[in-house]
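Notes for the one structure printed next.
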Amino acid sequence: MLIIEGKQVMMKDAPVITIDGPAGSGKGTVAHNVAATLGWHLLDSGALYRLVAFTALKQGIALDDEAALVAVGRELDVIFTGNKQGGTGIILDGQNVTHDIRTEECGSAASQVAAFSSVRTALLDRQRAFLQMPGLVADGRDMGTVVFPDAFVKVYLTASAQIRAERRKKQLKEQGIDVSLSCLVRDIESRDARDCGRKSAPLKPAADAVIIDTDQLSVDEVVNNVLSLVQERRSVL
Ligand code: C5P
């Protein structure tokens, strides 16, 4: 039994922390570290949209063939390995695709398939099934607004397109890939426009989300901010 604002509240489900934000805001790394620190499960919802896009690209399905994309989303045969405590291995149809789905091409295709509300609906139950004790850290675009509207902590990370592109460039460089900064800024801006402008579950902070601008913050500082919010909420609950 919990007390919130003087009212007694039953906590039936495992608690959820949602971490939403645009591409490159650092939410993936932050969610991973928060889940690992708390020993909670992790949902990387973007991976599901990437898996639909990856399958479509591989099978030659057009990115505007809504019915075929919905079928792909419903039938995804995927296993997230080591999901508890921040694990991130992704096995699709028995193949390890953990790295294959991280390309810029796949990210951009994911944002196209994610614009279809029917594709989003096809992935909804799969996302909610990640909610298990002792708790879930869910990272994405609509975790706090649509998928887990009752989350006990909601965070929305922002950062300028320039800073996000610089972070992405550094990440790619570490993988031996050289991409021009201006290309990355353009890609991030067009992904933002598509994610924010779509009719279904557009990218926006939940009304009750705490917004953290990460331009001047390190990953550890953001993680500590989120953990402090969790502490504060726990002491209230
Ligand atoms: O987070 P990530 O870059 O892996 O997401 C890829 C794309 O999937 C995003 O650009 C976005 O269009 C879509 N997405 C979404 N809703 C989510 C997570 C990702 O629409 N919850």
Next item on the list: Kindly indicate which of V153, V137 is touching a helix residue (DSSP H, G or I) at 6+ places or on another chain (Cβ under 9 Å), away from the ligand (no atom under 15 Å from the Cβ) and modelled with pLDDT of 95 or more.
Entry: V153
Next item on the list: Could you list, in sequence order, all residues of region 86-120 that are assigned to a helix (DSSP H, G or I) and touching a Phe, Trp or Tyr at 6+ places or on another chain (Cβ under 7 Å)?
Entry: D100, I101, C106, A110, V113
Checklist line | One residue from S25, S45 being within 12 Å of the ligand (Cβ to nearest atom), at pLDDT below 95, of a type in the set (S, T, Y) and surrounded by 19 or more Cβ atoms within 10 Å (Cβ to Cβ) | finding: S25
Check: Right, T98: surrounded by fewer than 19 Cβ atoms within 10 Å (Cβ to Cβ) and within 13 Å of the ligand (Cβ to nearest atom) or not?
Finding: yes
Next item on the list: Quickly run through region 121-147 and pick out the residues that are of a type outside the set (D, E), surrounded by 21 or more Cβ atoms within 10 Å (Cβ to Cβ) and either without any contact (Cβ under 8 Å) to a residue 12 or more places away in the chain or part of a strand (DSSP E or B) (or both).
Entry: L136, V137, A138, G140
Item checked: Given (1) farther than 27 Å from V137 by Cβ; (2) surrounded by 13 or more Cβ atoms within 10 Å (Cβ to Cβ); (3) of a type outside the set (S, T, N, Q), index of the condition I177 fails -> (2)
Item checked: Top-ranked residue of region 67-85 - restricted to ones that are within 15 Å of the ligand (Cβ to nearest atom) and part of a helix (DSSP H, G or I), ranked as surrounded by the fewest Cβ atoms within 10 Å (Cβ to Cβ) -> V70
Checklist line | Sole exception among (1) surrounded by 18 or more Cβ atoms within 10 Å (Cβ to Cβ); (2) more than 16 Å from the ligand (Cβ to nearest atom); (3) of a type in the set (S, T, Y) for S182, by number | finding: (1)
Check: In region 176-227, what count of residues is obtained for those that are among the polar types (S, T, N, Q) and assigned to a helix (DSSP H, G or I)?
Finding: 4
Item checked: Counted residues, region 148-162 - those being in contact (Cβ under 8 Å) with a residue 24 or more places away in the chain, surrounded by fewer than 18 Cβ atoms within 10 Å (Cβ to Cβ) and over 27 Å from G135 (Cβ atoms) -> 1
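The values are calculated or read from the model by the stated rules, or taken from the named source; none is laboratory data. Quick caveat, the model's predicted, so the values are computed rather than measured. Here the Cβ is made from the backbone with ideal geometry for all residues, glycine too, and neighbour counts use every protein chain on show.
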